Amino acid sequence: KEYGEISLKDIDQLAKSSFPLCMRHLYEKLREDHHLKHAGRMQLGLFLKGVGLNVDDSLAFWREEFSKKVGLEKFEKNYAYNIRHNYGKEGKKTDYTPYSCQKIILSTPGVGDHHGCPYRHFGEENLRAALSRMGVNSRAMEDVMGKVRNRDYQLACTLTFEALHAAPCDAGINHPNQYFSDSQKLLKA
Ligand code: SF4
């Protein structure tokens with residue numbers, strides 16, 4: 001996967017059209033609260049790296065939000081390092097990989113956390129509300145909720161993808177970055 005494929009000015013639009021619910025939730029919370037805790041920053045930050053936001057755009061993106069909350073100086077001091085680190089620009093220069101669905105589903109968000117997989121970690125009412133904001137209609141909603149009740153979270157996400165794109169996703173969703181690239185392929189076709 002090539003990095004540097006998307007630009008900062010398109011990100012709001014891409015979040016609406018092609019982010020899976022887990023990332024859309026983190027994205028919206030960041031825009032709303034101008035803050036995310038560490039695990040949320042990792043889950044969203046590595047996803048954004050995977051969809052092709054380069055390190056400078058990524059720093060600009062997080063800086064814009066965090067500076068509204070903690071101020072510019074504190075952002076540069078406490079947060080910028082971690083973002084560069086995720087891109088392998090600091091420390092051991094490891095190039096970190098975006099998280100898979102399996103890893104996200106098995107995470108354990110606590111109070112005030114927004115990472116995790118909404119199909120697994122949201123209560124039913126919140127999940128229904130979030131899906132309906134995404135544009136899932138009531139018939140598809142019941143199919144999705146059926147998969148959730150069976151704890152087939154990735155299948156629930158696959159059905160959401162299919163409902164929103166009016167197209168099949170035969171391979172099923174197993175990675176948020178796959179959700180994104182499959183969505184972009186369909187929307188650009
Ligand atoms: Fe995200 Fe995967 Fe959960 Fe879908 S199934 S919301 S892509 S973690």
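The values are calculated or read from the model by the stated rules, or taken from the named source; none is laboratory data. Note that the structure is a prediction, hence the values are computed from the model and not measured. With ideal geometry, Cβ positions are generated from the backbone for all residues, glycine too; neighbour counts draw on all protein chains shown. Each accessible area value is taken on the protein alone, full model and side chains, heavy atoms only, with ligands, DNA and RNA left out. Shrake-Rupley method; radii C 1.70, N 1.55, O 1.52, S 1.80 Å.
Loop-located GluC sites (Glu not before Pro) in segment 89-185 (DSSP state other than H, G, I, E, B) with a sparse environment of at most 15 neighbouring Cβ atoms within 10 Å: GLU90. Please determine, in degrees from 0 to 90 and to the nearest 10, the orientation of helix 176-188 with respect to the longest principal axis defined by the Cα atoms of the chain, where the helix direction is its Cα long axis. Once rounded, one gets 70 degrees. Listed here are the pairs LYS9/LYS49; LYS29/LYS185; LYS37/LYS74; LYS9/LYS188; which of them are more than 23 Å apart at the Cα? In this structure, LYS29/LYS185 lie more than 23 Å apart at Cα. The residues of the chain expose on average 53 square angstrom of accessible surface per residue, using a 1.4 Å probe on protein heavy atoms.
Here is how the number arises for the chain: DSSP H runs of 4 or more residues each give -39500 (n - 2.57), the sum is divided by the residue count, and the result at 222 nm is -19500 deg cm²/dmol. Identify the residues of segment 19-35 with backbone N under 18 Å of a label point that sits 7 angstrom from the Cα of LYS69 along the Cα-to-Cβ direction, or state none. 22-35, by backbone N distance to the label point. Here the accessible area is traced with a 1.4 Å probe on the protein chains. For the chain, carbon and sulfur cover 48 percent of it. Using C-alpha pairs below 8 Å separated by at least 6 residues, the relative contact order for the chain is 24 percent.
With 0.36 nm allotted per residue and the present C-alpha distance subtracted, the ALA60-ARG31 stretch has 9.1 nm of extension available. Compactness of the chain is given as radius of gyration and Dmax, 16.4, 49 Å, from Cα positions. Rounded to the nearest 10 degrees, the inclination of helix 21-33 to the longest alpha-carbon principal axis of the chain is 50 degrees. Both numbers refer to the Cα atoms of segment 8-86; Rg and Dmax are 11.6, 33 Å. Helix 124-134 axis versus longest C-alpha principal axis of the chain: approximately 80°, rounded to the nearest ten.
Each peptide in 130-138, 147-155 was scored by the mean count of other Cβ atoms within 10 Å over its residues; highest first, the order is 147-155, 130-138.
About the centre of its Cα atoms, the chain shows a dipole size close to 360 debye [charges on the beta carbon of Lys, Arg (+1) and Asp, Glu (-1) only; nearest 20 debye].
Using a cutoff of 8 angstrom between alpha carbon atoms and counting only pairs six or more residues apart, the relative contact order for segment 8-86 works out to 28 percent. If you take the alpha carbon atoms of segment 127-174 and fit the smallest convex hull around them, that volume is 67 Å³ per residue.
Averaging the Cα positions of each part gives two centres, and for segment 95-147 and segment 12-86 these lie 19 Å apart. For segment 160-189, the residues whose amide N sits under 15 Å from a probe point set 7 Å from the Cα of ASN150 along the beta carbon direction are 160, 172-173.
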